[in-house]
Amino acid sequence: MNIQGNTILITGGGSGIGRGLAEALQKQGNKIIIAGRRESVLQETAKANPGMEYAVLDTSNAGSIQAAAAKLTSQYPDLNVVINNAGVQRVIDFAAGYDDAAAQEEISTNISGVLRMAAAFLPHLRTKASATIVNISSGLAFVPMARYPVYSATKAFVHSFSMSLRLQLKDTSVRVVELAPPWVGTDLDASHPERAAHEGMSPMPLPAFINAAMEELASDEDELKVAGAKFLYAGGVSEKQIATFAQINH
Ligand SMILES: NC(=O)c1ccc[n+]([C@@H]2O[C@H](COP(=O)([O-])OP(=O)(O)OC[C@H]3O[C@@H](n4cnc5c(N)ncnc54)[C@H](OP(=O)(O)O)[C@@H]3O)[C@@H](O)[C@H]2O)c1
């Protein structure tokens, strides 16, 4: 996609990958609006990046999305890119006891949020000469990690839904891009780094990920896999990696 001169809404843009993308895209000359639930986090990020705007939005809530779509499309009529980045990841162990609240939180944010954001913003995006919806999936969309059974499945959903949406919109001005990150050092699962250290794994540092993701976004491809996510997508998982996954999964 053209990564300059857009007006871009990034959900979950106050922290982690969303903040990294917001800052990198602002440096490229895009107008950026970040959105999330915690106003203090959004405020701090916007303050650190003069010119960046923010809006409080809970993507797990249909009413919140409707209200944000009405407000933001009238406040920012040039809005032409929506990055569905907000996501949550929970450890759920069916052998030890199912946590329905955690599962529903993942489903309402990672699945319903992505569906409703597309539906709510599409009428506006279709009025633009060139528009893009970017859905953030994961390498775990292609090979699940059993520790995150619902999360992995929600990301497989994002991959599948992005393919269908892309086809349905192929004769419109709206492109659909999927960006699949590998494991990146953020706050997504605070318990992950401690466990992973035991397993000899380490995340991709956020700045390196953002550089790689920006290169991918600047391409004309629809399915963007960054670093480790490429191997999972291609099924190019080595025996050693399978052994590591099996170890992690138990
Ligand atoms: N980090 C990784 O290893 C990794 C790998 C593959 C894919 N991803 C995906 O990348 C995306 C960003 O993850 P991250 O690692 O940057 O996680 P993060 O550091 O936990 O950030 C997630 C962001 O999403 C926002 N958010 C969560 N639930 C929301 C909701 N219901 N409504 C609006 N905003 C919400 C959070 O802000 P509030 O809490 O203030 O709402 C936060 O700013 C997610 O979709 C994640 O699944 C991450």
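Every number in this text was worked out from the coordinates using simple rules, so none of it is lab data. Because the structure is a prediction, the values reported are computed rather than measured. Neighbour counts are summed over all protein chains in view; Cβ atoms, including those assigned to glycine, are modelled from backbone coordinates with ideal geometry.
Tell me the Kirkwood hydrodynamic radius of segment 7-248 in angstroms, computed as one over the mean inverse distance between distinct C-alpha pairs.
Values: mean 1/r = 0.0546 Å⁻¹.
About 18.3 Å for segment 7-248.
Counting only alpha carbon atoms, the long axis of helix 113-125 and the longest principal axis of the chain meet at about 20°. Subtracting the Cα-Cα distance of A234 and A190 from their residue separation scaled by 0.36 nm leaves 13.0 nm. Putting +1 on Lys and Arg Cβ atoms and -1 on Asp and Glu Cβ atoms, find which of F157, L169, A146 reaches farthest to the positive end of the dipole of segment 139-193. The residue sitting most towards the positive pole is L169.
Of all DSSP beta bridges located in the chain, what percent are antiparallel, nearest 5? Rounded to the nearest five, the antiparallel share is 5 percent. Length available on full extension from A62 to S219: 0.36 nm per residue minus the Cα-Cα distance, which gives 53.3 nm.
Straight-line reach from K230: taking Cα to Cα under 22 Å and skipping same-chain neighbours fewer than 8 places apart, the lysines in range are K155, K240. Helix 149-168 and the longest principal axis of the C-alpha atoms of the chain enclose an angle of approximately 40°.
Go through K27/K71; K128/K225; K128/K170; K27/K170 and tell me which ones have a Cα-Cα distance over 21 Å in this structure. Intermediate values should be presented prior to the final figure.
Working: K27/K71 25 Å; K128/K225 27 Å; K128/K170 15 Å; K27/K170 30 Å.
Where the Cα-Cα span goes over 21 Å, the pairs concerned are K27/K71; K128/K225; K27/K170.
Each peptide in 104-116, 155-167 gets a packing score, the mean of other Cβ atoms within 10 Å over its residues, and the list from highest to lowest is 104-116, 155-167. Report, in degrees rounded to the nearest 10, the 0 to 90 angle that the Cα long axis of helix 62-75 makes with the longest principal axis of the chain. So the inclination is approximately 40 degrees.
Relative to the present Cα-Cα distance, how much length would full extension add between T127 and S40 at 0.36 nm per residue of separation? List each step's numbers first, then the result.
Details: separation 87, 0.36 × 87 = 31.32 nm, distance 3.29 nm.
Computed gain between T127 and S40 is 28.0 nm.
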